[in-house]
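The block underneath contains the structure these notes are about, expressed in structure tokens.
Each value in this text was obtained by applying a stated rule to the coordinates, not by laboratory testing. Every value quoted in this text rests on a predicted model; they were computed, and no experiment measured them. All Cβ positions, glycine included, derive from the backbone under ideal geometry; neighbour counts span all protein chains shown.
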Amino acid sequence: MVFNTGATLLDAVVLAVVSRDPTGTYGYKITQEVRTVIELSESTLYPVLRRLLKNGYLETYDMECAGRNRRYYKLTEEGLEKLAYYREAWQEYAGKISGIFEGGKNDE
């Protein structure tokens, strides 16, 4: 992608991906889904997940898979609220940027 991805946008995208499954999802799957829209390595994802955990937006649990424990990430109530905030802010931001690109008037 030609545009830089800031930490806030990355947080929002990760929260959105995790929210798709109410029972939670694991790191590799999160990475694969995020990669469909943003170039991302696993070494970039895990600090994001740790930050979201520290801020109380995610919680974790372990589940056995093929004889190994797999860590799952799930949104907390605070995470759901933060995601709703990000979605609203994104709609406003994207509308303004689209208005500029499409030659329309930018409402302020």
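Some points to look at:
- Sparse-neighbour loop sites [trypsin sites (Lys or Arg not before Pro); region 2-90; at most 13 other C-beta within 10 Å; DSSP]: R20, R35
- Options T5, S43, G56, ranked by Cα towards positive dipole end of the chain, top entry (Cβ charges): S43
- E88/F3 FRET efficiency (R0 25 Å; Cβ-Cβ; nearest 0.05): 0.75
- Among I30, I100, I38, the ranking by other beta carbons within 10 Å of each residue's beta carbon, starting with the fewest, stands as I100, I38, I30.
- Simple Cβ-charge dipole of the chain, Lys/Arg +1 and Asp/Glu -1, about Cα centre, in debye nearest 20: 400
- Spherically averaged projected area in nm², based on the convex hull that wraps the Cα atoms of the chain: 7.9
- Projecting label points 7 angstrom from Cα along Cα→Cβ for R68 and K96 puts them 4.4 nm apart.
- Stretched out straight at 0.36 nm per residue, the stretch from S43 to E78 would grow longer than its current Cα-Cα span by 10.1 nm.
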